[in-house]
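Take a look at the structure set out below.
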Amino acid sequence: MIILGLLTWLLVPLFNAWMDRKGAKRNYLFVNFLRGIAMIVHSVIFFDPQGGYHFFKDLWASIPYLIYYFGAFWLAFEIALNIWQGRIHQLGLFDGLLYFDQSEGDSGIVDRFFKWTGAEFHFWVKFGVAVLVIISGMVILYK
């Protein structure tokens with residue numbers, strides 16, 4: 001059941017990437033609000049939020065979930081969007097999967113940050129996030 005919960009979360013970024021595949025720029029405040037609602041609903045359905053009287057203990061216990069939710073969203077969204085926009089055919093497999101908006105600069109704060117820091121830094125952050133997502137998934141699975 002936990003593996004099903006982890007995998008079904010990927011439907012949210014895949015749906016979001018499918019909606020953005022034509023290059024539409026969304027209202028990021030509204031889209032992030034909907035992503036937050038999806039994250040809360042998903043965590044209530046698939047995981048067992050304990051709640052209780054120990055706020056900091058509960059917050060500490062939720063860190064693997066937050067890492068998984070945000071990291072998996074970012075990785076799955078970018079990869080799916082680059083595949084559906086045909087960047088793999090244009091730029092090759094490696095550069096196509098790692099593409100982020102460097103030209104327009106209107107794709108949100110994350111892409112603007114990586115436009116400023118560069119593609120190599122983007123690769124290493126994406127690699128680090130992938131490692132953290134795998135580790136957090138294992139922590140959630142074996143908890």
Provide HIS42, HIS122 in ascending order of the number of other Cβ atoms located within 10 Å of each residue's Cβ, fewest first. HIS42, HIS122
Holding the Cα-Cα limit at 32 Å, pick out from LYS22/LYS143; LYS57/LYS126; LYS22/LYS115 the pairs that are longer than that. LYS22/LYS143
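A short reminder: the numbers here are calculations on the coordinates, not readings from a lab. Owing to the predicted nature of the structure, the values given are computational and were not obtained by experimental measurement. Glycine gets a Cβ as well: all are built from the backbone with ideal geometry, and neighbour counts include every protein chain shown.
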